[in-house]
Amino acid sequence: LTVELVNSTRLVNLLGTDPNITSRGQKADCVVLLFYARTCPFSCMAAPHFNALPRAFPAIKMAAVNALQYQSFNTQYGIVGVPTVMLFHNGRPAAKFNDSEYTLEMFSRFITRHTGILPEEKMFVTSADFGGPVGSVVAKETDYWLGLAWLVIAVVGGVGVAKSRMWHNIVEAVQDLWRETEAQHFHNE
């Protein structure tokens with residue numbers, strides 16, 4: 001039993017719905033899904049605790065999706081930050097983990113509160129849980145989109161400053177000072 005790292009195609013298949021199930025009260029497949037980012041330190045701190053969940057709840061499918069790589073799901077499920085844990089019942093969102101403490105105990109309480117299922121064994125995080133499948137070490141990656149965003153901000157800011165009256169006054173003052181310095185330098189020779 002382990003957490004499954006999913007791509008967009010697998011996630012769509014995993015969250016498929018059974019049309020015969022019409023209410024949350026009916027038995028259906030549940031999926032606990034972690035939206036994470038490899039570059040997020042909070043996701044990495046939550047990872048070993050989430051990796052330990054399948055041992056405690058073997059009847060529930062545990063999956064994780066990289067929220068930066070598959071951003072369309074962020075909008076679809078209202079993900080505004082990572083890590084975010086959601087419980088799905090019959091492929092539909094049933095609950096969102098809303099706590100700032102990402103521990104095995106808190107995840108377990110969340111699942112039990114919304115499903116009524118108790119953990120099957122003593123819960124503990126092992127050293128193997130730190131190894132994956134969801135990584136617990138922050139990945140160092142270059143964010144090219146962030147660099148592009150800063151470049152756009154710098155260009156727009158530069159254009160705004162260049163068009164401002166204050167900038168023109170500063171340029172005129174420097175030009176006047178330069179001319180006066182040249183004129184005095186010329187007379188001293």
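In segment 1-49, how many residues are in a loop (DSSP other than H, G, I, E, B) and not small (Gly, Ala, Ser)?
The total comes to 19.
With the checklist (1) over 15 Å from LEU34 (Cα atoms); (2) touching a Lys or Arg at 6+ places or on another chain (Cβ under 9 Å) in hand, flag the one item SER127 doesn't pass.
(2)
Which ones in segment 103-138 are touching a Cys at 6+ places or on another chain (Cβ under 7 Å) and of a type in the set (A, V, I, L, M, F, W, C)?
Those that are touching a Cys at 6+ places or on another chain (Cβ under 7 Å) and of a type in the set (A, V, I, L, M, F, W, C): VAL137, VAL138.
Within the bounds of segment 99-110, is there any residue that is acidic (Asp, Glu), closer than 22 Å to CYS30 by Cα and exposed (fewer than 15 other Cβ atoms within 10 Å of the Cβ)?
Taking every residue of segment 99-110 in turn, at least one turns out to be acidic (Asp, Glu), closer than 22 Å to CYS30 by Cα and exposed (fewer than 15 other Cβ atoms within 10 Å of the Cβ).
Does ARG179 fit the bill of being basic (Lys, Arg), assigned to a helix (DSSP H, G or I) and not assigned by TED's automatic domain parsing to the domain that holds GLN26?
Taking the combined requirement at face value, the residue satisfies it.
Which count do you get for residues in segment 128-167 that are in a helix (DSSP H, G or I) and not charged (D, E, K, R)?
Final tally of qualifying residues: 23.
Given the structure, is LEU118 out of contact with any Lys or Arg (no Cβ under 6 Å at 6 or more places or on another chain) and closer than 18 Å to LYS61 by Cα?
So LEU118 passes the test.
Please indicate, with yes or no, whether at least one residue in segment 75-96 is farther than 28 Å from ALA56 by Cα and in a helix (DSSP H, G or I).
The answer is yes, given that some residue of segment 75-96 is farther than 28 Å from ALA56 by Cα and in a helix (DSSP H, G or I).
Show the residue pairs meeting these rules: Cβ distance below 9 Å; 6+ apart or different chains; first residue within segment 166-180 and among the polar types (S, T, N, Q); second residue in a helix (DSSP H, G or I).
Sorted first by the residue in segment 166-180, then by its partner, the list stays empty.
Here's a check for you: in segment 111-127, which residue that is outside any loop (DSSP other than H, G, I, E, B) and of a type in the set (Ser, Thr, Tyr) is surrounded by the fewest Cβ atoms within 10 Å (Cβ to Cβ)?
SER127
The values are calculated or read from the model by the stated rules, or taken from the named source; none is laboratory data. Note that the coordinates shown come from a computational prediction; the quantities given were computed from them, not determined experimentally. Heads up, the Cβs are rebuilt from the backbone with ideal geometry, glycines too, and the neighbour counts pull from every protein chain shown.
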